[in-house]
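This report concerns only the one structure given below.
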Amino acid sequence: MAKIWENWSGSVKFEPERIEKPASEEEVAQFIQQAIAQQKQPRIVGAGHSSVPLVETQHILISQEKLKGIVGHDSDTCRVDILPGTSIAEAGEGLIKLDLSMHNTGDVDMQSVGGAFGTGTHGSGLKLQNLSGMMVGCRLVDGSGETRSFTMEEHPDTMRAAKVSLGALGFFTQLSIQAEPARQYVRREFCAHVDESMEHLQHLITDNRMFDMYWYPRNDMTKLRICNQVGEGMQDISFGERTKNDEGWLYEVLPQFRDLKYEEMEYAIPLEAGPECFAEVRKRIKAKHRHYVGWRVLYRTIAADDAYLSPFYGRDSVTIALLQNSELEYQKYFDDMEPIFRDFGGRPHWGKKHSLQAKQLQALYPKWDAFLKVRKQLDPDGLFLNGYLKKILGI
Ligand SMILES: Cc1cc2nc3c(=O)[nH]c(=O)nc-3n(C[C@H](O)[C@H](O)[C@H](O)COP(=O)(O)OP(=O)(O)OC[C@H]3O[C@@H](n4cnc5c(N)ncnc54)[C@H](O)[C@@H]3O)c2cc1C
């Protein structure tokens with residue numbers, strides 16, 4: 001029976017004909033083959049945390065909620081095979097039983113691994129890549145309904161396209177990831193003034209494994225969050241007041257629980273441009289938006305990588321994110337701020353609000369054509385391309 005599907009924040013809604021929940025790779029392949037035979041469009045959904053219509057379809061929405069768990073591992077290489085519907089939280093719990101960990105997580109842990117990789121989801125840390133940087137192999141049902149297997153060693157070109165691929169290449173039924181030995185972490189939070197935070201920004205970034213900063217436009221204060229392995233990094237921040245001190249495994253201390261629904265625009269800009277871009281963002285918000293901007297701005301750093309559609313492709317980056325409560329006006333705010341990010345060569349987060357279309361995006365990605373070539377090889381008839389993907393990929 002038809003039912004309206006909604007994303008996490010409620011800003012993306014559509015009505016698929018049906019929602020299928022395959023429980024095995026064979027069932028995924030069957031649903032894709034049926035879709036081909038019936039000339040229906042399948043789209044793959046993870047936890048529904050993206051706020052652009054990447055997963056929209058009028059036909060068959062394929063959920064991966066029954067494709068969960070760690071299905072193989074090699075303790076010598078720390079490589080693990082994981083099913084795509086496993087949430088980041090469940091991956092953390094499963095990995096720790098093998099004395100392993102991811103290298104980072106985003107701000108929350110509700111996303112599916114497949115969905116998080118699919119949009120280049122990242123945490124913060126000068127030397128830490130986005131989560132898809134862990135991907136060293138995959139199994140995928142392609143646009144012909146065929147199940148294929150790829151590894152970084154044997155198929156580097158396909159893998160660089162696959163890491164951040166927006167569900168446009170096929171359905172990943174299994175992901176091989178490079179994990180690392182589990183270690184204990186200390187996470188501390190401090191409250192400080194934004195001017196002092198910016199004065200010390202460079203040290204905060206370089207002297208901690210993970211650092212990020214929330215700026216609150218209404219009172220010009222910041223929340224500074226640092227997270228390090230026990231015994232390393234900054235122990236204290238002299239100009240800030242400590243508000244939190246947690247110790248535990250990474251998956252326990254890093255992600256936060258969020259129940260307040262919000263909309264977000266986030267752009268990745270070159271690392272060196274971060275402070276200047278932030279100064280512009282701050283100036284514009286204070287001049288025009290502070291009276292109705294309900295929440296905060298997030299500043300993070302991410303290491304360069306080689307995934308063709310990664311917002312961090314070939315450059316160490318700063319991300320600046322505008323967060324606005326879902327119940328408040330956000331579109332006018334985002335529309336007015338977006339040109340600032342564009343002026344700094346910003347690349348938008350694939351899963352968050354932005355207004356860019358194929359032409360503008362293509363100019364930001366040196367390996368755009370290489371991605372499209374792999375897409376065409378794996379899905380020549382565009383089975384997985386919904387209207388939104390066609391628009392942003394220019395197909
Ligand atoms: C509260 C909240 C906090 C967030 N925090 C962060 C953060 O800290 N850092 C950050 O970078 N982002 C963050 N995001 C954005 C979020 O991580 C991304 O939008 C992510 O893609 C959501 O994962 P999902 O499982 O919900 O995927 P979905 O939104 O359901 O899907 C995302 C994409 O992945 C594709 N996909 C999913 N599974 C597969 C598969 N098996 N095979 C092929 N394609 C697949 C889908 O088709 C779609 O194109 C946040 C979002 C919210 C709502």
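The values are calculated or read from the model by the stated rules, or taken from the named source; none is laboratory data. What you see is a predicted model; the values in this text were computed from it and never measured. Note: ideal-geometry Cβ built from the backbone for every residue, glycine included; neighbour counts use all protein chains shown.
What are the residue pairs meeting all of these: first residue in segment 254-274, first residue farther than 30 Å from E90 by Cα, second residue at pLDDT 95 or above and of a type in the set (S, T, N, Q), Cβ atoms under 8 Å, and 6 or more apart or on different chains?
I269/S317; I269/T319; P270/S317; L271/T301; L271/S317; G274/T301
Out of segment 227-278, which residues are assigned to a strand (DSSP E or B) and within 16 Å of the ligand (Cβ to nearest atom)?
Of all residues in segment 227-278, those assigned to a strand (DSSP E or B) come to 227-229, 241-249, 262-270.
Answer for segment 227-278, where residues must be assigned to a strand (DSSP E or B) and within 16 Å of the ligand (Cβ to nearest atom): C227, Y262, E263, E264, M265, E266, Y267, A268, I269.
Does D381 meet the test of being in a loop (DSSP other than H, G, I, E, B) and either at pLDDT below 95 or surrounded by fewer than 20 Cβ atoms within 10 Å (Cβ to Cβ) (or both)?
On the way: in a loop (DSSP other than H, G, I, E, B): yes; either at pLDDT below 95 or surrounded by fewer than 20 Cβ atoms within 10 Å (Cβ to Cβ) (or both): yes.
Yes.
Go through segment 72-110 residue by residue and tally those that are surrounded by fewer than 23 Cβ atoms within 10 Å (Cβ to Cβ) and in contact with a Pro (Cβ under 6 Å, 6 or more places away or on another chain).
2
Residues of segment 7-18 being touching a Leu at 6+ places or on another chain (Cβ under 9 Å) and buried (at least 16 other Cβ atoms within 10 Å of the Cβ), which ones? Explain how you work it out, then say what you get.
Step one: filter segment 7-18 for residues touching a Leu at 6+ places or on another chain (Cβ under 9 Å), giving 12, 14, 16-18.
Passing the criteria: V12, F14, P16.
Got a number for residues in segment 86-102 being touching a residue at least 60 places away in the same chain (Cβ under 8 Å), in a loop (DSSP other than H, G, I, E, B) and within 14 Å of the ligand (Cβ to nearest atom)?
Number satisfying all stated conditions: 1.
Is it the case that segment 62-79 has a residue that's within 22 Å of D379 (Cα to Cα) and either in contact with a helix residue (DSSP H, G or I) (Cβ under 7 Å, 6 or more places away or on another chain) or more than 16 Å from the ligand (Cβ to nearest atom) (or both)?
Residues of segment 62-79 within 22 Å of D379 (Cα to Cα): 62-64.
Narrowing the set further to residues that are either in contact with a helix residue (DSSP H, G or I) (Cβ under 7 Å, 6 or more places away or on another chain) or more than 16 Å from the ligand (Cβ to nearest atom) (or both) leaves 62, 64.
Looking through segment 62-79, at least one residue is within 22 Å of D379 (Cα to Cα) and either in contact with a helix residue (DSSP H, G or I) (Cβ under 7 Å, 6 or more places away or on another chain) or more than 16 Å from the ligand (Cβ to nearest atom) (or both).
Filter segment 25-42 for residues that are in contact (Cβ under 8 Å) with a residue 24 or more places away in the chain and touching a helix residue (DSSP H, G or I) at 6+ places or on another chain (Cβ under 9 Å); which is surrounded by the most Cβ atoms within 10 Å (Cβ to Cβ)?
Checked segment 25-42; the qualifying residue surrounded by the most Cβ atoms within 10 Å (Cβ to Cβ) is P42.
Yes or no: Y308 outside any strand (DSSP E or B), in contact with a Leu (Cβ under 8 Å, 6 or more places away or on another chain) and not assigned by TED's automatic domain parsing to the domain that holds L54?
On the way: outside any strand (DSSP E or B): yes; in contact with a Leu (Cβ under 8 Å, 6 or more places away or on another chain): no; not assigned by TED's automatic domain parsing to the domain that holds L54: yes.
Considered against the rule, which asks whether it is outside any strand (DSSP E or B), in contact with a Leu (Cβ under 8 Å, 6 or more places away or on another chain) and not assigned by TED's automatic domain parsing to the domain that holds L54, Y308 comes out as no.
Provide a single number: the residues in segment 316-329 that are farther than 16 Å from R218 by Cβ and surrounded by 23 or more Cβ atoms within 10 Å (Cβ to Cβ).
The qualifying residues number 4.
From the list T105, T119, pick out the single residue that is in contact with a Phe, Trp or Tyr (Cβ under 7 Å, 6 or more places away or on another chain), touching a residue at least 40 places away in the same chain (Cβ under 8 Å) and closer than 16 Å to A179 by Cα. Give the steps one after another, and end with the answer.
On the way: T119 fails: closer than 16 Å to A179 by Cα.
Checking each option against the conditions leaves just T105.
Take residues that are at pLDDT 95 or above and farther than 30 Å from E329 by Cβ and tell me which of the strands (runs of 3 or more DSSP E) falling wholly in segment 1-84 contain 3 or more. Spell out the reasoning first.
Details: elements: 18-20, 42-45, 60-63, 70-74, 79-82.
Where strands (runs of 3 or more DSSP E) fall fully within segment 1-84 and carry at least 3 residues being at pLDDT 95 or above and farther than 30 Å from E329 by Cβ, they are 18-20, 60-63, 70-74, 79-82.
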